[in-house]
Amino acid sequence: MNEALISLILSEVKGECNIPSSSTDSDAMLSSYIREGVQLLTNLESLIDFENDHLALALVKIYVQYRRNQQMNLFQERYAEEIIALQIRYIRA
């Protein structure tokens, strides 16, 4: 995943989560969470088009929200079906 896309996702996450510039959540930390979310979704990162695949992008942004609240296991439980469906779709492609 390139830095431009990470910056775009970071901007969207900050807007959607109402994270102010004065927040203790730094851009570096949130960018790290984005990378974690991408890695969690698949080991085939280079095959997933996060710019155009709205499900993949949404899952990464949702992961960041759960990660900020240290609820990663809850994310995996609640979104297991979507994660598996995404992985299967890209494995078949």
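The values are calculated or read from the model by the stated rules, or taken from the named source; none is laboratory data. Computed from a prediction, not measured in an experiment: that's the story for all the values here. These area figures cover heavy atoms from the full protein model, side chains too; ligands, DNA and RNA do not enter into them. Shrake-Rupley method; radii C 1.70, N 1.55, O 1.52, S 1.80 Å.
Principal axis extents of the C-alpha atoms in the chain (largest first, rounded to whole Å): 43, 29, 18.
Rolling a 1.4 angstrom probe over the protein heavy atoms with all chains in place gives region 50-93 an accessible area of 66 Å² per residue.
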